Every structure is written in structure tokens, then in C-alpha cells.
Amino acid sequence: MIQSNQQIYVDNAASTPVRDEVVAAMQPFLQTVFGNPSSIHKCGIYARRNIDEARERIAYCLKCHPDELYFTSGGTESNNWAIFGMAMASEKKELITSQIEHPSVLNAIKALERFAYKAAYLKTNSFGEVVPEELETLINLNTALITVMLANNETGVLQPVDKISELAHWHNIPFFSDAVQAIGNVELDLSKGLFDAMSFSGHKLGGPKGIGILYLRRGTKIEPFLHGGGQERGYRGGTENVPGIMGLATAVELAINDLKKKQSVQSIKLRLLEALHDIPMAHLSGRLDNTLPGTLHICFDYVDGSDLVRYLSMNGIFASSSSACASNAKEPSHVLLAMGIPYELARGALRISLNERNTIDEVLYLAHVLKTAVSTLRSMNAEYRNMYMKK
Ligand code: PLP
């Protein structure tokens, strides 16, 4: 039973609470073991040793080599570094990406376009999936890099990265994938060699904000992005975020261990969907069997998604109308428009992203409030009133 003053957080794709074990792992490195890992006294050596161990623990979870992992400040930095660094390390001047990437990918590529690079953008089908066959028509001898995300941050739709990697590698082109939403939600085995580079972020999987990873497969050519004092083997300058790194290692271990719980997250999502079935003019985005287990994305006719989010928030429910970084935008999401969703309908988007903390009681309460929200907001919409409400 949900109390009226209870708060329900269903915006885990935007950020997750830091797990208790993660806080405990970080704590000593904030105050007791605060040495600079580059110092050669005992304090520094101890911090350095812990960073090395953290890198090994993460590598074990992701099935890669520790020397393939570079700590960054998060997903945005990892994406920018991969795109700028890999483009600049190549003599070729063209990039291929998709229309549905996160802004930290799209805007990095836009920035490169100002420096004489060219970009081609893959479309998606109506389910929000990139169509690999289109890639064949875009690849040419001047293609320096292909970058397509593993799972979309708005719809949760999984992309056909296996097929994309196969095509990229057949043409000898490096393949980078933004896996910020995927890690901890789907199995990842980097030993298979599908990816030449991949980005991760701590705060999407129960870790702290401001820490992330760029995975670079051995042999991947990349230019450094932050020039500094030689940290991260000379590829990413700046004193390491030791507490963040320690928290991230614990968060990754816990998230990988918890992968088996994702089936129950998926069944809670299905229960929610069932409870919402009688809302008319509601359109599910993506195919249920090809989305992240916890993400449910729906567009409602005659409702503004941000009004819906505010209504839910006033009732103690925290969801999202698009990605967190675009939630103030007036325009509908580029992801939904790329899927061919009509402009007006795309404005009525709601993203609910669950994790293992959410319960059936919570989602049933959410369904109840959401139904009232949709009918209340529609009754305030003049066009809807004219079309569907008796005078
Ligand atoms: N890529 C994707 C798919 C994301 O969802 C996000 C964050 O929302 C990012 C990149 C950026 O990550 P960070 O917030 O760590 O900069």
C-alpha cells in the first residue's frame, strides 16, 4: 500500500541513487586516504595501488584487460574523447553515426563538422532501431569512425550493434559505442572484440556522478583529449578522482551481480503496462522484446509531456518526458522525430525507467495517478475538448 506522502522514483535512466556499499567504498578515500596518486610517498602509493585494483576489478566484470580502461569524468567526456580522439588519430575525414545518439555524441560530431570533417546520420525504423543495411550505403574509403549507441537513453531501444560491428570491421573501420544506458542492464562481454571503444558513466548504475570510463581495445588508435601531467598513461591528464574510481568499481561489481534481477524489473514493467492498457490514445515506443528491461516509453495524444511530469511530481512521482539533459527543451525529442513519430504526438512523451528498488505497489499507484493525470490534462486541452468532450 502506498502512503500519499511517499515518493516514487522512476527516473533511473536520468540518474540513480548511490548505493550504500558504494558510499562505504568511497568514504576512506575522501578523508583518510586522500593522497595524490602521483605522489611517491606512502599516501600516494596507497591511493595508486587502490586505483590499479579498481581498474582490475572493473576489467574482470567487463571481460577486458585493465590497461584497456581509462577513467574519465563521465559519459559526456568519454563520448567527446572517443569521437575527437579517434577522428583525429585517423587520416580519414568522415564519420557515421545515428540520428538518435545522445547530445554528447551528436554535438561532438557537430563540433568536428566545423573542422572540415563530414558526418552521415543513420535513420531508424519506426521501432527506434537503426537499420544496419543502411550502413552499407554510407561507408566509403574516407570513413574514419562508426559510432552507434548500445541502448537509447529515451526509448531504451537496443541497437543492432553486433551487425554494425561486423560491417564496420569488415571494412576495417573502428566501431565506438555509447553504452552509458546499457551497462548493468544487459550482459556485456568485451572479450568478444565487437567494440574498439565504449563509454560508461558511474551515476547510471548506482555509482557517483562525475566519474566514467572510456574502454579502448588494445590497438585502437586515439589522440589524448585532456593534456596534462601524464595520468592515465599519458592519455587523460588530471589528478585521478580516487573516491569516484573506488565507488565506480563497487557500483560496477554490484550492477553486474544484479543482472539476474533484471527479469523481475521487466515483469514489474509489464505489470505497469497492463495497468495502463485502458488509457486511450497512448502509444508505446519501441518493441517490448528489444528495449532495456526497466524502460517504458509512451506518447500520449493531447497531452504535453512536461505537464505530465509536473503533475506526477506534485503527486510524489518522479519520471521524465525525455532525457534529463533535454528536459527543459520546448521542441520534441530528436529521437522520437527520427522514429517518424508526428511532432504533436512526440510532445506527449513520458519515460518511466524502473530499477530493482521499484515494487509492484509503486507501479500500480503510478498507473492510477497517471490515468488521472492524462484525463485531467486532456480536459484542459481545447482541441481535445472540441473533438471528444460533449458540450
Ligand atoms: N550517453 C547516454 C546514452 C546518456 O544517457 C548520458 C546521460 O544521460 C550520457 C551519455 C552522459 O553521461 P554523463 O551524465 O555521465 O555525462
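The values are calculated or read from the model by the stated rules, or taken from the named source; none is laboratory data. None of the values given here were measured: they were computed from a predicted structure. Cβ coordinates were reconstructed from backbone atoms using ideal geometry, including for glycine residues, and neighbour counts include every protein chain displayed. Each accessible area value is taken on the protein alone, full model and side chains, heavy atoms only, with ligands, DNA and RNA left out. Shrake-Rupley method; radii C 1.70, N 1.55, O 1.52, S 1.80 Å.
Relative contact order of the range 14-145, please, whole-number percent, based on alpha carbon pairs below 8 angstrom and at least 6 residues apart.
Working: 120 pairs, mean separation 23.4, N = 132.
About 18 percent, as a whole number.
Could you order the peptides 199-205, 340-346 from most to least packed, using the average number of other C-beta atoms within 10 Å per residue? Present the calculation step by step, with values, prior to reporting the outcome.
Working: 199-205: 27.9, 340-346: 15.6.
With the highest mean Cβ count within 10 Å placed first, the list reads 199-205, 340-346.
With angles folded into 0 to 90 degrees, how steeply does helix 305-314 sit against the dominant principal axis of the chain? Use alpha carbons for both and round to 10.
Approximately 90 degrees, to the nearest 10.
Which length gain, in nm to one decimal place, applies between R310 and V131 when the Cα-Cα distance is subtracted from 0.36 nm times their residue separation?
On the way: separation 179, 0.36 × 179 = 64.44 nm, distance 3.52 nm.
Gain on extension, R310 to V131, equals 60.9 nm.
Calculate the radius of gyration of the Cα atoms of the range 227-285 to one decimal place, then report Dmax, the largest Cα-Cα distance, as a whole number, both in Å.
21.1, 60
So what J values fall out for the range 223-232 if you push phi through Karplus, 6.51 cos²θ - 1.76 cosθ + 1.60 with θ = phi - 60°, rounded to Hz, Gly and Pro as x?
8, x, 10, 9, 8, x, x, x, 5, 6
Using modelled backbone amide H atoms (1.01 Å from N, in-plane), which distant-in-sequence or interchain residues come within less than 5 Å of L122's amide H?
Placed amide hydrogens put T97, S98, Q99 under 5 Å from L122.
Rank A87, L145, M314 by how far each Cα sits towards the positive end of the charge dipole of the chain (+1 on Lys, Arg Cβ; -1 on Asp, Glu Cβ) and give me just the farthest.
Among A87, L145, M314, the one farthest towards the positive end of the dipole of the chain is M314.
Quick one: if you stick a label point 7 Å off each Cα along the C-beta vector at I45 and L288, how many nm between them?
According to this spin-label approximation, the distance is 5.9 nm.
Assign unit charges at the C-beta atoms only (+1 for Lys and Arg, -1 for Asp and Glu), then state the dipole size of the chain relative to its Cα centre in Debye, rounded to the nearest 20.
On the way: 38 positive and 41 negative charges, 104 e Å.
That gives a dipole near 500 debye.
Among G219, G75, G35, which one moves the most in a GNM of the chain with springs linking Cα atoms closer than 10 Å?
Maximum fluctuation in the GNM of the chain, among the listed residues, is at G219.
Just read off the accessible area of R385 with the full protein assembly in place, 1.4 Å probe, to the nearest 10 Å².
100
Run the simple label-point estimate for H368 and L138 please: 7 Å along Cα→C-beta, distance reported in nm.
Placing both labels 7 Å beyond Cα along the Cβ direction yields 4.6 nm.
7 Å from Cα along Cα→Cβ at both L259 and K163: what's the point-to-point distance in nm?
Inter-label distance under the simple model: 2.3 nm.
Apply the Kirkwood formula to the chain: the hydrodynamic radius equals the inverse of the mean of 1/r over all pairs of different alpha-carbon atoms; give it in Å with one decimal. Walk me through the intermediate numbers first.
Details: mean 1/r = 0.0454 Å⁻¹.
Evaluated on the chain, it is 22.0 Å.
Can you tell me the orientation of helix 20-31 relative to the chain, as the angle in degrees between its alpha-carbon axis and the longest Cα principal axis, to the nearest 10?
That helix lies at roughly 40 degrees to the long axis.
Could you state, as a whole-number percent, how many of the C-alpha pairs of the range 129-279 are farther apart than 24 Å?
Working: 5117 of 11325 pairs.
Summing the P(r) of the range 129-279 above 24 Å gives 45 percent of all pairs.
Rounded to whole Hz and in sequence order, give me ³J(HN,Hα) for the range 341-349 from the Karplus expression 6.51 cos²θ - 1.76 cosθ + 1.60, θ = phi - 60°, writing x for Gly and Pro.
Ordered by residue, 3J(HN,Hα) equals 6, x, 3, 5, 5, 4, 6, x, 7 Hz.
At R0 = 30 Å, how high is the FRET efficiency between K209 and W170 if r is their beta carbon distance? Nearest 0.05 is fine.
About 0.20, to the nearest 0.05.
Tell me, what is the Rg over Rh of the range 256-391, with Rh the Kirkwood radius over Cα pairs? Intermediate values should be presented prior to the final figure.
Working: Rg = 15.1 Å, Rh = 15.6 Å.
When Rh is taken as the Kirkwood radius, the ratio is 0.97.
Arrange the residues E154, E223 by how much accessible surface each exposes, largest first, with a 1.4 angstrom probe. Write out the running numbers ahead of the final one.
Numbers: E154 5, E223 80 Å².
Sorted by accessible area, descending: E223, E154.
What ranking of T16, T137 comes out by heavy-atom accessible area, probe 1.4 Å, highest first?
Values: T16 15, T137 105 Å².
Heavy-atom accessible area, descending, gives T137, T16.
What length, rounded to one decimal in nm, is gained on full extension from E56 through to E187, with 0.36 nm per residue of separation minus their alpha-carbon distance? Numbers along the way, then the final one.
Working: separation 131, 0.36 × 131 = 47.16 nm, distance 1.85 nm.
So the extension gain works out to 45.3 nm.
Starting from the amide H of L226, placed 1.01 Å from N in the peptide plane, find each other amide H under 5 Å away whose residue is 5 or more places distant or on another chain.
G237
Given H placed 1.01 Å from N in the peptide plane, which residues other than close sequence neighbours of V157 have an amide H under 5 Å from its amide H?
Amide H neighbours of V157, under 5 Å, 5+ apart: N152, L292.
Per-residue HN-Hα couplings for the range 100-113, Karplus 6.51 cos²θ - 1.76 cosθ + 1.60 at θ = phi - 60°, whole Hz, x for Gly and Pro?
After applying 6.51 cos²θ - 1.76 cosθ + 1.60, I find 9, 5, 5, x, 6, 8, 4, 6, 5, 5, 4, 4, 5, 4 Hz.
What list of whole percents do you get for P(r) of the range 1-49, with Cα-Cα distances grouped in 10 Å bins up to the one holding the largest distance?
21, 27, 23, 16, 10, 3
If I take every Cα pair under 8 Å that is 6 or more residues apart in the range 97-185, average their sequence separation and divide by the length, what percent do I get for the relative contact order?
Values: 109 pairs, mean separation 24.7, N = 89.
Value for the range 97-185: 28 percent.
Could you tell me what percent of the DSSP beta bridges with both partners in the chain are antiparallel, to the nearest 5?
Working: 21 of 39 bridges.
If I count the DSSP bridges inside the chain, around 55 percent turn out antiparallel.
Which is farthest toward the positive dipole end of the chain among H297, M339, L167, measuring Cα position about the Cα centre, with Cβ charges +1 (Lys, Arg) and -1 (Asp, Glu)?
Comparing the listed Cα positions along the dipole, H297 ranks first.
Any idea what the relative contact order of the chain is, in percent, if you count C-alpha pairs under 8 Å spaced at least 6 apart?
Numbers: 753 pairs, mean separation 87.4, N = 391.
Over the chain, the number comes to 22 percent.
What whole-number value in Å² describes the accessible area per residue of the chain for a 1.4 Å probe? Provide the component values of the computation, followed by the final result.
Numbers: 17730 Å² over 391 residues.
Computed with neighbouring chains in place, this is 45 Å² per residue.
Which value in deg cm²/dmol, rounded to the nearest 500, describes the helix-derived mean residue ellipticity at 222 nm for the chain, given -39,500 (n - 2.57) per DSSP H run of n ≥ 4 and division by the residue count?
Details: 13 runs with 151 residues, N = 391.
Result for the chain: -12000 deg cm²/dmol, rounded to the nearest 500.
If you roll a 1.4 angstrom probe over the protein chains with everything in place, what fraction of the accessible area of the chain belongs to carbon and sulfur, to the nearest %? Don't jump to the answer; show the numbers that get you there.
Numbers: 9560 of 17730 Å².
Taking all protein chains in place, the chain shows 54 percent carbon and sulfur surface.
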